[in-house]
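Visitor: The structure follows.
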Amino acid sequence: MSDAGENGRRGVMRWYRSRGLALCALALAGLFCLGPVLWQAVTSIKTDEDLVRLPPIVPERVTAAHYERVLFQSPLVQSLMNSALVAASATAVAIVVGGLCAFALARLPIAGKPVILGLVLATSMFPPIAVISPLYLLMRSLGLRDTLIAVGLTHAVYALPLAIWILTSFFRQLPGELYYAARVDGCTPLRALLSVFLPLARPGLAVAGLLVFIFSWNEFMFALTLTASDATRTAPVAVALFPGLYEIPWGDIAAASLVVTLPVAGLAALFQRHIVAGLTAGSVKG
Amino acid sequence: MAEVRIEHLSKRFGATTVLPDVTLTVRDGEFFTIVGPSGCGKSTLLQLLAGLDHPTSGRILFDGEDVTGLEPRERDVALVFQSYALYPHMTVRDNLAFPLRVTKRKTGLDRQRIEAEVQRVAGLLGLESLLDRWPRELSGGQRQRVALGRALIRQPRLFLLDEPLSNLDAQLRAVMRAELRHLHDRLGTTMIYVTHDQTEAMTLADRVAVLDRGVVQQIGPPQALYDQPSNLFVAKFVGHPAINILDGELCDGRLRMGELNLPRSATEGGDRLRDGTRVTIGIRPEHVLVTSGASHDVVPDEEEGRISGVVRLLEYTGSQTWGVVEVDQAGKGIMMIGGIPTGDSLRPGQSVSVSITRGPHHLFDIDTGMRLGGD
């Protein structure tokens, strides 16, 4: 009896010891990743006087002034809407074009598929800085300079290889016989894609779409180069232009970065559940 | 309904030739099976018939109409897969209705008609109570039925079945086999059924084509394949337990296989061959009797030859027990399989006598494996 109790207590202790280590590691990793965000959060609610003083790390007085200024007295809201528009359209274009392309690469009889996939991947290997000046000239001569179309299109093109790769591997996971069945049942290849493959590849579409959206939302250099006015600037560019000639408004920048981060963070958290659920439950078995 | 003619069809993938040159005709309304070991090209042939792949050369004709260049949806065929290939995101009802919905614009079927067709097919296959289930909720047999239903609903002119029963357990397979045959007799549609299981091919088909490495070895009714195999491959492939194969030589009017020898007359066409011809002999297990030595079980007239051996393995099938016996042929031990008369009980390791009863036994060219003599 007592022996069993002794064993039990030792077991509990062992559990704590092993879990304790894991928890410590997790806490460290979490702090490492979230530390900067926390710092931003603290900065964003500090008063201007506290901003330039240390200590205190945790301020005694908190203020919403930075948020107020960022949301009501700056072009941030406008640029958030621009960002949403650009990211949404870039995602739509990348998913539609990428989906068609991936389906062809995964299922249709095309010669040289590995070469095509390799070339697709190669295009994303150019550093953005290398293509930025020709891209600028191109957009200018197309009359698209300082338009949301230019930014959205560039993002879509730049994210396309990613979408193609993700979707191709998703389509390849689906049994080929489903495609054959759809074809024999009377589908054209496009109808087979729409009626059979897209519904089944929903987790893949979610993953690809989310990644493209986040990429476009966060992208800075193209957006900076191709836009020139508050009407077209995306959120990262707008935040970057906060510093004035004589001062850097740390509080405002911190508040703005949190506001900009929030939508994608929420989106990722929301979708992650779907993605994980989709990956496990949506798998197809014959 | 359709007569299917395949003319000099070939298929190559890069450097590998899967089908060198296939020519065969499936008659209208026939239950035709294509049987062969894995990798013999039978599934490729089926895909070519369905239009899912294009032949390297040759033609396919349905009722005289050249369909070689047509898309799958223009051919009006249905295909049932080994893996069933049910659409996992659709209920049974939607799976069944899918072929009709896809072709709605062409056929002009409205929703009521489609639902009526779904009910008809569900009734035919006993799926009425499962219509609102998802494929993942069904058992293997039920999935198979849904796959069949999806093929049936369009009333195609040709059914293609690619090993549709291989994923079922043995008992269910026998039930579905009977159902399939019954279904064929009711519908009268031409069916081409591909399998690697010779029992399935033999029991189902009006005619069977045996395929090996892309080449049609023989086409004929099951009985003909069994009684007159056109070559060694067919002889070995068809029949269970497998045929006994021995090498021998014709001399002095007898067929000598080491210790064992048979009169020439016991073989089909043996009389017409010259002395000294080396041949391969095929003896069906049912023409081999394994007895404990005393010849009380063998009618003397029926016996053509005898050899002694040692029992190595016993195979019980219920009605018949088969004995695998090691016999000596030219200093080399070879295995022969033969029937053990009911009532005899033998043990592995026991010395027995192996009697060859009246055939006909089959003779094949020792080099080419082609059937000798006969017709």
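The values are calculated or read from the model by the stated rules, or taken from the named source; none is laboratory data. It should be emphasised that the depicted structure is a prediction, and the values quoted were computed from it without experimental measurement. Quick reminder, even Gly has a Cβ in these numbers, built from the backbone with ideal geometry, and neighbours come from all protein chains shown.
Visitor: Could you say whether any residue in segment A:140-159 is within 14 Å of chain B (Cβ to nearest Cβ) and of a type outside the set (Lys, Arg)?
Guide: No, that holds for no residue.
Visitor: Let me ask another. Could you go through segment A:125-136 and let me know if any residue there is of a type in the set (S, T, N, Q) and in contact (Cβ under 8 Å) with a residue 12 or more places away in the chain. Walk me through how you get there before you give the answer.
Guide: In the first step, residues of segment A:125-136 are kept if they are of a type in the set (S, T, N, Q); the result is A:133.
If we keep only those that are in contact (Cβ under 8 Å) with a residue 12 or more places away in the chain as well, we get none.
No, segment A:125-136 has no match at all.
Visitor: Do you know which residues across segment B:121-140 are touching a residue at least 12 places away in the same chain (Cβ under 8 Å) and either within 25 Å of B:THR190 (Cβ to Cβ) or within 14 Å of chain A (Cβ to nearest Cβ) (or both)?
Guide: Across segment B:121-140, the qualifying residues are B:VAL121, B:ALA122, B:LEU124, B:LEU125, B:GLY126, B:LEU127, B:TRP134, B:PRO135, B:ARG136, B:LEU138, B:GLY140.
Visitor: Let me ask another. Scan the helices (runs of 4 or more DSSP H) fully inside segment A:165-234 and keep the ones with 2 or more residues being farther than 25 Å from B:ALA97 by Cβ.
Guide: Once the helices (runs of 4 or more DSSP H) in segment A:165-234 are filtered for at least 2 residues that are farther than 25 Å from B:ALA97 by Cβ, what remains is A:202-218, A:221-226.
Visitor: For segment A:27-72, give me the residue count where each residue is more than 19 Å from A:ILE248 (Cβ to Cβ) and among the acidic types (Asp, Glu).
Guide: 1
Visitor: Additional query: Can you report the number of residues in segment B:254-291 which are closer than 27 Å to B:PRO341 by Cα and not in a strand (DSSP E or B)?
Guide: Total satisfying the criteria: 10.
Visitor: Let me ask another. Test of understanding: among A:PRO189, A:PRO199, A:PRO243, which residue is touching a Lys or Arg at 6+ places or on another chain (Cβ under 8 Å), surrounded by fewer than 18 Cβ atoms within 10 Å (Cβ to Cβ) and not hydroxyl-bearing (Ser, Thr, Tyr)? Reasoning before the result, please.
Guide: Working: A:PRO199 fails: touching a Lys or Arg at 6+ places or on another chain (Cβ under 8 Å); A:PRO243 fails: touching a Lys or Arg at 6+ places or on another chain (Cβ under 8 Å).
Exactly one of A:PRO189, A:PRO199, A:PRO243 is touching a Lys or Arg at 6+ places or on another chain (Cβ under 8 Å), surrounded by fewer than 18 Cβ atoms within 10 Å (Cβ to Cβ) and not hydroxyl-bearing (Ser, Thr, Tyr), namely A:PRO189.
Visitor: Restrict the check to segment B:159-170 and report whether at least one residue is away from chain A (no Cβ under 12 Å) and without any contact (Cβ under 8 Å) to a residue 12 or more places away in the chain.
Guide: yes
Visitor: How many of the residues in segment B:7-43 are within 14 Å of chain A (Cβ to nearest Cβ) and closer than 27 Å to B:GLY239 by Cα?
Guide: Matching residues across segment B:7-43 total 1.
Visitor: I've got another one for you. Can you pull out the residues in segment A:193-230 that are out of contact with any Gly (no Cβ under 9 Å at 6 or more places or on another chain), of a type in the set (A, V, I, L, M) and within 14 Å of chain B (Cβ to nearest Cβ)?
Guide: Within segment A:193-230, the subset out of contact with any Gly (no Cβ under 9 Å at 6 or more places or on another chain) is A:194-196, A:199, A:209-211, A:213-215, A:217-230.
Now restrict to residues that are of a type in the set (A, V, I, L, M): A:194, A:196, A:210-211, A:214, A:221, A:223-224, A:226, A:228.
Scanning segment A:193-230 gives A:LEU194, A:VAL196.
Visitor: Which of the residues that make up segment B:350-372 are closer than 12 Å to B:PHE233 by Cα and part of a loop (DSSP other than H, G, I, E, B)?
Guide: Passing the criteria: B:THR368, B:GLY369.
Visitor: Right, next: If we keep just the residues of segment A:110-163 that are outside any helix (DSSP H, G or I), under 24 Å from the mean Cα position of the chain (by Cα) and surrounded by fewer than 10 Cβ atoms within 10 Å (Cβ to Cβ), which is modelled with the highest pLDDT?
Guide: For segment A:110-163, the residue satisfying everything is A:PRO127.
Visitor: Would you confirm, using the coordinates I've provided, whether B:LEU46 is surrounded by 21 or more Cβ atoms within 10 Å (Cβ to Cβ) and either within 14 Å of chain A (Cβ to nearest Cβ) or at pLDDT 90 or above (or both)?
Guide: Against the criterion (surrounded by 21 or more Cβ atoms within 10 Å (Cβ to Cβ) and either within 14 Å of chain A (Cβ to nearest Cβ) or at pLDDT 90 or above (or both)), B:LEU46 qualifies.
Visitor: If a residue has to be β-branched (Val, Ile, Thr) and within 19 Å of B:LEU161 (Cα to Cα) to count, how many in segment B:1-21 make the cut?
Guide: So the answer is 2.
Visitor: Same structure again: In this structure, is A:SER44 among the polar types (S, T, N, Q) and outside the structural domain of A:THR188 (by TED's automatic domain parsing)? Walk me through it before giving the result.
Guide: Working: among the polar types (S, T, N, Q): yes; outside the structural domain of A:THR188 (by TED's automatic domain parsing): yes.
Yes.
Visitor: Looking at segment B:119-140, which of its residues are surrounded by fewer than 18 Cβ atoms within 10 Å (Cβ to Cβ) and assigned to a helix (DSSP H, G or I)?
Guide: Residues satisfying the conditions are B:GLN119, B:ARG120, B:GLY123, B:LEU124, B:GLU128, B:SER129, B:ARG136, B:GLU137, B:GLY140.
Visitor: Do we find a residue being away from chain B (no Cβ under 14 Å) and within 28 Å of A:THR123 (Cβ to Cβ) anywhere in segment A:171-192?
Guide: yes
Visitor: Let me ask you something else. So which of B:ALA78, B:ALA97, B:ALA85, B:ALA147 is among the small types (Gly, Ala, Ser), touching a residue at least 40 places away in the same chain (Cβ under 8 Å), more than 30 Å from B:GLY41 (Cβ to Cβ) and surrounded by 15 or more Cβ atoms within 10 Å (Cβ to Cβ)?
Guide: Result of the check over B:ALA78, B:ALA97, B:ALA85, B:ALA147: B:ALA97.
Visitor: Looking at B:ASP63, B:ASP53, which one is on the phi > 0 side of the Ramachandran plot, at pLDDT below 95 and not hydroxyl-bearing (Ser, Thr, Tyr)?
Guide: Of the residues listed, the single one that is on the phi > 0 side of the Ramachandran plot, at pLDDT below 95 and not hydroxyl-bearing (Ser, Thr, Tyr) is B:ASP63.
Visitor: Which residues, taken from segment B:168-187, are of a type in the set (A, V, I, L, M) and outside any helix (DSSP H, G or I)? Walk me through how you get there before you give the answer.
Guide: First pass over segment B:168-187, keeping only residues of a type in the set (A, V, I, L, M): B:168, B:170, B:172, B:174-176, B:178, B:180, B:183, B:187.
Passing the criteria: only B:LEU168.
Visitor: Is it the case, given these coordinates, that B:VAL325 is over 29 Å from the mean Cα position of the chain (by Cα) and at pLDDT 90 or above?
Guide: no
Visitor: Based on what the data block shows, is B:GLY41 without any contact (Cβ under 8 Å) to a residue 24 or more places away in the chain and on the phi > 0 side of the Ramachandran plot?
Guide: It is false that B:GLY41 is without any contact (Cβ under 8 Å) to a residue 24 or more places away in the chain and on the phi > 0 side of the Ramachandran plot.
Visitor: Any residue at all in segment B:229-239 that's within 30 Å of B:LEU24 (Cα to Cα) and modelled with pLDDT under 90?
Guide: Yes, that holds for at least one residue.
Visitor: If I ask for residues that are assigned to a helix (DSSP H, G or I) and aliphatic (A, V, I, L, M), which ones from segment B:188-238 would you list?
Guide: Narrowing segment B:188-238 to residues assigned to a helix (DSSP H, G or I): B:198-204, B:222-227, B:232-237.
Result: B:ALA201, B:MET202, B:LEU204, B:ALA224, B:LEU225, B:LEU232, B:VAL234, B:ALA235.
Visitor: Considering (1) without any contact (Cβ under 8 Å) to a residue 40 or more places away in the chain; (2) within 25 Å of B:GLU268 (Cα to Cα); (3) not hydrophobic (A, V, I, L, M, F, W, C), say which one B:GLY338 fails and leave the rest.
Guide: Of the numbered conditions (1) without any contact (Cβ under 8 Å) to a residue 40 or more places away in the chain; (2) within 25 Å of B:GLU268 (Cα to Cα); (3) not hydrophobic (A, V, I, L, M, F, W, C), the odd one out for B:GLY338 is (1).
Visitor: For segment A:60-73, state whether one or more residues are modelled with pLDDT under 90, touching a Phe, Trp or Tyr at 6+ places or on another chain (Cβ under 9 Å) and within 27 Å of A:THR154 (Cβ to Cβ).
Guide: Checked segment A:60-73: at least one residue is modelled with pLDDT under 90, touching a Phe, Trp or Tyr at 6+ places or on another chain (Cβ under 9 Å) and within 27 Å of A:THR154 (Cβ to Cβ).
Visitor: Further, regarding this structure: Can you tell me which of B:THR190, B:THR199 is without any contact (Cβ under 8 Å) to a residue 60 or more places away in the chain and of a type in the set (Val, Ile, Thr)? Spell out how you get there, then give the answer.
Guide: Values: B:THR190 fails: without any contact (Cβ under 8 Å) to a residue 60 or more places away in the chain.
When all the criteria are applied, what remains is B:THR199.
Residue-by-condition table, conditions (1) touching a residue at least 60 places away in the same chain (Cβ under 8 Å); (2) out of contact with any Cys (no Cβ under 6 Å at 6 or more places or on another chain); (3) farther than 23 Å from A:LEU198 by Cα:
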| site | (1), (2), (3) |
| --- | --- |
| A:MET139 | yes, yes, yes |
| A:GLY143 | no, yes, yes |
| A:VAL151 | yes, yes, yes |
| A:ALA156 | yes, yes, no |
